[in-house]
Amino acid sequence: MLLRHIQPHPQLRQYIDKMWTFESDGRAPQEDMKLIVPNGSPKLTIPYRNGVSGSNKDGFRLIKESSIIFIGMCDVPTVVDLENDAPHGNIGVEFSPLGAYRLFRLRHAELKNKIFIIDEILGRSAREIQEIIANTESVDKKIQILQAFLIRLLTHSEQDQILDYCIQQIKNSKGMVNVSDLASKTGYSTKWIYEKFMEKVGLSPKSLSSIIRFSQFYEQWARQPETDFFNRDLRNYFYDQSHFIKDFKRFTGLSPLKFAASENEFGRIFYKD
């Protein structure tokens, strides 16, 4: 498996957390869980060689080669696999929470935990770009066309400064700020903030904060799998150990000990530098 990081276009950098190409000779080993855990980033992928499937508690979807896929904000784990045990190539984009709403002007709560072919949510213009990219041989050229399309989407959107401030507060605090704090700092009610998040993020502020806290542990393990999840100071992020285990099961489907004993090289590779 080979992951290549791509530097987004300057106009897109503040809206994209990661951009990459992923290639493999075939399916991951059978014992690999092939598990993608929530990380607070809606995603767009293009399997330019060999189709892919995704399944979570909300359903299963098989996506054919050369489709552009949009995956809404997730708060449950997803198992992915290849359509065929054959060489595979994929372009991936992970949007920041404050970037997705600028590019995809939809009610994001309706996209939560779901997988779409992009024309299902954006219509004709997205279908045309999908066809152009499918008929382009060069992977680098595909990426160039995709970024130009995203920049066009960006030009038709407006910044929501209050939402951006709230998201940044959650990220800066590593998920430790609560909604009442956000209400106090912005002067808006907790209900107003909740509705704003459901409209433009797809998750409540509380759920996004939980994912950000969980990520403090998961990312360290992904880079250093010998790391014991419990070696870090849980008191900084959770009420107690049971609180941590509850959130961990929510986002991975397993307890920390069972997860650490399992194989998930496919999921880990997307956290490597």
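The values are calculated or read from the model by the stated rules, or taken from the named source; none is laboratory data. Bear in mind the structure is a predicted one, so any value in this text is a computation, not a measurement. No Cβ is skipped: glycine too gets one built from the backbone with ideal geometry, and neighbour counts run over all protein chains shown.
I'm checking my understanding of the structure. Among residues of the range 175-233 that are under 21 Å from the mean Cα position of the chain (by Cα) and of a type in the set (Ser, Thr, Tyr), which one is farthest from Lys272 (Cα to Cα)?
Among them, the one singled out is Tyr194.
Sort through Ser96, Ser67, Ser41 and tell me the only one that's buried (at least 16 other Cβ atoms within 10 Å of the Cβ), out of contact with any Lys or Arg (no Cβ under 9 Å at 6 or more places or on another chain) and not assigned by TED's automatic domain parsing to the domain that holds Phe217.
Ser67
I need the full set of residues from the range 222-240 which are in a helix (DSSP H, G or I), out of contact with any helix residue (DSSP H, G or I) (no Cβ under 6 Å at 6 or more places or on another chain) and not charged (D, E, K, R), in order please.
If the condition is that a residue be in a helix (DSSP H, G or I), out of contact with any helix residue (DSSP H, G or I) (no Cβ under 6 Å at 6 or more places or on another chain) and not charged (D, E, K, R), then Phe230, Asn231, Asn236 are the ones that fit.
Does Pro77 meet the test of being within 12 Å of the chain's Cα centre (by Cα) and within 26 Å of Gly99 (Cα to Cα)?
Yes; evaluated as a whole, the condition is true for this residue.
Quick check on the range 248-264: of everything there that is surrounded by fewer than 20 Cβ atoms within 10 Å (Cβ to Cβ) and assigned to a loop (DSSP other than H, G, I, E, B), which residue is modelled with the lowest pLDDT?
Among those residues, the one meeting the criterion is Ala261.
So the check is Cβ under 9 Å with 6+ separation or different chains; which pairs have a first residue in the range 177-205 that's in contact (Cβ under 8 Å) with a residue 60 or more places away in the chain and within 17 Å of Leu98 (Cα to Cα) and a second one that's in a loop (DSSP other than H, G, I, E, B) and acidic (Asp, Glu)?
So the pair list comes out as Lys200/Asp160; Gly202/Asp75; Leu203/Asp75.
Looking at Arg27, Arg13, can you tell me which residue is modelled with pLDDT under 95, farther than 16 Å from Ile117 by Cα, charged (D, E, K, R) and touching a Leu at 6+ places or on another chain (Cβ under 7 Å)?
It is Arg27.
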